[in-house]
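Only one structure is covered here, and it is reproduced in the block below.
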Amino acid sequence: MAYAASHDAHDDHGHHPSGWRRWVYSTNHKDIGTMYMVVSMLSAVLGGGLSWLIRLELAEPGIQFITDFQFYNVMVSAHGLIMVFFVVMPALIGGFGNWFLPLMIGTPDMAFPRMNNVSFWLLVAALILLVLSGIVGSGVGTGWTVYPPLSNIEYHPGPSVDFAILSLHLAGASSVLGAMNFITTILNMRAPGMTLHRMPLFVWAMLITAFLLLLAIPVLAGALTMLLTDRNFGTAFFKTGQGGDPILWQHLFWFFGHPEVYIMILPGFGIVSQIVSTFSRKPIFGYLGMVYAMVSIGFVGFVVWAHHMFSVGLTSSTRAYFVVATMVIAVPTGIKIFSWIATMWGGSISFKTPMLWAIGFIFLFVVGGVTGVVLANAAIAVSVHDTYYVVAHFHYVLSLGAVFSIFAGFYYWIGKMSGRQYPEKLGQLHFWTSFVGVNLLFFPQHFLGVQGMPRRIPDYPDAFTGWNMVSSFGALVTALSTVLFFYVVYRTLTSGEKCAANPWGEGASTLEWTVPSPAPFHTHEVMPKIGSQPAE
Amino acid sequence: MADWRTRSHPWHLVDPSPWPIVGTLAALIMAIGGIWYMHGGPIWGFLAGVAVLIVTFVGWWRDVIREAQTGVHHTPPVQTGLRMGMILFIASEVMFFFAFFWAFFHSSMPILSRVAATVWPPEGIIPLHAWTVPFLNTLILLTSGATVTYAHHAIRLGDRSKFIKGTALTVLLGFIFLGFQAFEYIHAEFKLTGGIYGSTFYLATGFHGFHVFVGACFLAVCLFRGLAGHFKPEQHIGFEAAAWYWHFVDVVWLFLFVWIYWWGGAGYHFG
């Protein structure tokens, strides 16, 4: 242990609200983090349920039960928006970020506790608006990318798209305020002795994520505002007949959208780094390389956006640039993968549930990364554009990457959050059933994509039957595995064993393991002093 | 204030507050009311949301000011955090304007897109002449940048009456700017609707004008706080934040003036 001072974590008198005010008026990073986790789980049931309906429809050729194709489009769009904005981001950033950032840097709370609360409630308001977008009118059938002209008033005349636009505005405001809070907390409030180069990698990941949010989300806000005025106030930003250009929307959207995918995966990188180090009982291999790999991923992530637009008629020199810039990202990503492997190499590895999810993450993220390099080639991207190959690619990096890191973080930290440890055997069963399920679900989609099956279409020719059946069977396995996860949560909270302050032993060297489990309402009221070793 | 170094930590653990959820409610009412209005309903739903939002602003920032006035919460490390927060907020605002400049350049420069107008302004548009009212507005905003700096120097020297003068003059110049902008909008020969020129012009300059209004309100609050004696030579974060915001609004205007008014109108007036 590198920390000179042990410290008491007793509650501060007069700062411990109770009843409903404790939650609704909360200015406590742990309570707000918990509320984010709850919203994320509820949204996951909703967003995951939609994907389950999609897979049911696609299980066989022909139309099974969705006769209204607009409704199919609405499900696809809502699934994407919910998973991105209301499941992955709230869990990784709002949930784990809020809970563990102050704990890991040795400070009592976030920089702006009241603003932290408004970030959370704005997310709830955004979720309400998104649900309303499906209830009022005919729904948003545009895909999560909301491309005009389909999203223009001519093709979506009802109020649904406006609800979605304002939902994303509020979710964006929530994220930008959260980002300001996280950056200020990390840069200003670290415990004495914790220099930037001694911060745990999860904290570094959150810092870079917050900068991406701060700079990318306002561009989306601008684009959404233009779409809103195009729809309702007669402007012409995306209308070709009046001098506008729908490609402008794609530029603005993906200038936000590409950093957004790193916003979803960088916190996962951080969690996996903590876990691999803890369960290998070794400091992370190449700490500084890991830090600056994330910094460069964040930086380069801002200058590759048009690789999402290879089929819209960009000049060939533009495409050449975006191909090369995109491939450059494989270098820092490779640094991370090899550093995780080198951390495990020669370590004393224990394959507890969090470690299984972390290793699963590394394995499946590499698969998604490799298909990413394939898709980075403009010529190939044109031919597999809008096919299931793309669907397979981004589900490998997101639902098998980001979501695996959420589960890894959950098993790693639930003891600290709830004071009760998860049941190990059930946790491992959850991992293995999920691992088999998601691979059955998504791997065949590569084959379907290369064969030419288009995405966002509820029916397909008989030739695609076999792999679709396998994929839908995988969805069944994954769904059952997710039910098991909720059972694990129930078991943990009702009858889990009491968790020690540090259940993982000497490998877990970050500050959250120095406070009791569950972490008291206020922690680090005496700020710990950090010694000379880097805190991995 | 002097004893913060002896505390176990210098940070401000804020008491539970109703304002975040009340403000969220305001946003929700504004959103639903706004959609109702856009689809043919009355506007009062949206306005009700705005009213709740104003109540939130007043209540929330009243609390912040009270916390500052206790002298124990805003320790020097907390002040550093507040400054960082403001800088980050301004950075996010820069990116918001970035989107509107992107739309402008995408529509006006053929090198950036295949459908951009080959002549700019597009045929039939009579743009405003940059070196008339827009240039006057440039001078007004630049002058206001000087007066706000004058006020800042005054407060650092503890000269309250000069601070009041400088800030009042800045607010006044801000509203004069807005008056000229309204005049310009009334007399412009192109509309928001029907074409890309009006879309980019009114959204970019309109959002800037709204930011001038917000900045002027922010400075007006500082004016009253100055009259109430809230600011000290060594502690005046609220004013500092307002001044930074004002300079940011000023810089955005310079870009608007050079590109949208001058370069964007040159094809008609100087071509």
query = Does the range A:177-191 contain any residue that is away from chain B (no Cβ under 11 Å) and touching a Lys or Arg at 6+ places or on another chain (Cβ under 8 Å)?
reply = no
message = Looking at B:Gly40 and the list (1) outside any helix (DSSP H, G or I); (2) within 13 Å of chain A (Cβ to nearest Cβ); (3) over 20 Å from A:Leu129 (Cβ atoms), which single condition is not satisfied?
response = (3)
task = Please identify the pairs in which a residue from the range A:421-450 that is in contact (Cβ under 8 Å) with a residue 24 or more places away in the chain and within 23 Å of A:Ile362 (Cβ to Cβ) has its Cβ atom under 9 Å from the Cβ atom of a residue that is of a type in the set (Lys, Arg) and not in a helix (DSSP H, G or I), counting only partners at least 6 apart or on another chain.
result = A:Glu424/A:Lys352; A:Gly427/A:Lys352; A:Gln428/A:Lys352
query = Tally time: how many residues in the range B:25-37 are touching a Phe, Trp or Tyr at 6+ places or on another chain (Cβ under 7 Å), of a type in the set (Gly, Ala, Ser) and within 10 Å of another protein chain (Cβ to nearest Cβ)?
reply = 1
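Residues checked against (1) within 19 Å of A:Thr142 (Cβ to Cβ); (2) in a loop (DSSP other than H, G, I, E, B); (3) in contact with a Phe, Trp or Tyr (Cβ under 9 Å, 6 or more places away or on another chain):
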position: A:Leu228; (1), (2), (3): yes, no, no
position: A:Ile263; (1), (2), (3): no, no, no
position: A:Met290; (1), (2), (3): no, no, yes
position: A:Gly298; (1), (2), (3): no, no, yes
request  = Just give me the residues in the range B:117-141 being surrounded by 21 or more Cβ atoms within 10 Å (Cβ to Cβ) and among the polar types (S, T, N, Q), in sequence order.
outcome  = B:Asn137, B:Thr138
inquiry  = Exactly one condition in (1) out of contact with any Leu (no Cβ under 7 Å at 6 or more places or on another chain); (2) at pLDDT 95 or above; (3) among the polar types (S, T, N, Q) is false for B:Ser144; which is it?
reply    = (1)
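Condition check ((1) free of Cβ contacts under 8 Å to residues at least 60 places away in the same chain; (2) assigned to a loop (DSSP other than H, G, I, E, B); (3) under 23 Å from the mean Cα position of the chain (by Cα); (4) within 8 Å of another protein chain (Cβ to nearest Cβ)) across all residues:
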{"site": "A:Leu92", "(1), (2), (3), (4)": "no, no, yes, no"}
{"site": "A:Val124", "(1), (2), (3), (4)": "no, no, yes, yes"}
{"site": "A:Ser151", "(1), (2), (3), (4)": "no, yes, no, no"}
{"site": "A:Ile165", "(1), (2), (3), (4)": "no, no, yes, no"}
Subset of the range A:445-472 [touching a helix residue (DSSP H, G or I) at 6+ places or on another chain (Cβ under 6 Å) and of a type in the set (Phe, Trp, Tyr)] = A:Phe447, A:Phe464, A:Trp467
ask   = What is the one condition in (1) within 10 Å of chain B (Cβ to nearest Cβ); (2) crowded, with 24+ Cβ neighbours inside 10 Å; (3) of a type in the set (A, V, I, L, M); (4) touching a Leu at 6+ places or on another chain (Cβ under 6 Å) that A:Met104 does not satisfy?
value = (1)
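Is at least one residue of the range B:78-90 outside any loop (DSSP other than H, G, I, E, B), more than 11 Å from chain A (Cβ to nearest Cβ) and modelled with pLDDT of 95 or more?
no
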request  = Kindly indicate which of B:Ile164, B:Ile196, B:Ile186 is more than 19 Å from the chain's Cα centre (by Cα), closer than 16 Å to B:Phe101 by Cβ and of a type outside the set (Ser, Thr, Tyr).
outcome  = B:Ile196
note = If we keep only residues of the range A:443-479 that are among the hydroxyl-bearing types (Ser, Thr, Tyr) and part of a helix (DSSP H, G or I), then the residue nearest to A:Arg55 (Cα to Cα) is A:Ser472
ask   = Restricted to the range A:313-327, and to residues that are aliphatic (A, V, I, L, M) and exposed (fewer than 15 other Cβ atoms within 10 Å of the Cβ), which residue is nearest to A:Glu506 (Cα to Cα)?
value = A:Val324
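Considering the range A:192-221 alone, what residues qualify as being among the small types (Gly, Ala, Ser), surrounded by 24 or more Cβ atoms within 10 Å (Cβ to Cβ) and under 30 Å from B:Ala103 (Cα atoms)?
Hits for the range A:192-221 are A:Ala210, A:Ala216.
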query = Can you pull out the residues in the range B:4-24 that are of a type outside the set (S, T, N, Q), at the interface with another protein chain (Cβ under 8 Å from one of its Cβ atoms) and assigned to a helix (DSSP H, G or I)?
reply = B:Trp19, B:Pro20, B:Ile21, B:Gly23
key: Selected residue (criterion: nearest to B:Phe239 (Cα to Cα)) from residues of the range B:103-116 that are buried (at least 19 other Cβ atoms within 10 Å of the Cβ) and within 7 Å of another protein chain (Cβ to nearest Cβ)   = B:Ala103
Odd one out for B:Gly71, checked against (1) in contact with a helix residue (DSSP H, G or I) (Cβ under 6 Å, 6 or more places away or on another chain); (2) modelled with pLDDT under 95; (3) not β-branched (Val, Ile, Thr) = (1)
query = Does A:Phe120 satisfy the condition of being within 14 Å of chain B (Cβ to nearest Cβ), in a helix (DSSP H, G or I) and within 18 Å of the chain's Cα centre (by Cα)?
reply = yes
task = Within the range B:178-199, track down each residue that is of a type in the set (Phe, Trp, Tyr) and either outside any helix (DSSP H, G or I) or more than 14 Å from every other protein chain (Cβ to nearest Cβ) (or both).
result = B:Phe180, B:Phe183, B:Tyr185, B:Phe190
ask   = Identify, please: which residue in the range A:243-269 is in contact with a helix residue (DSSP H, G or I) (Cβ under 6 Å, 6 or more places away or on another chain) and within 7 Å of chain B (Cβ to nearest Cβ) and is, among those, surrounded by the most Cβ atoms within 10 Å (Cβ to Cβ)?
value = A:Leu252
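The values are calculated or read from the model by the stated rules, or taken from the named source; none is laboratory data. Quantities reported herein were computed from a predicted structural model and do not represent experimental measurements. Quick reminder, even Gly has a Cβ in these numbers, built from the backbone with ideal geometry, and neighbours come from all protein chains shown.
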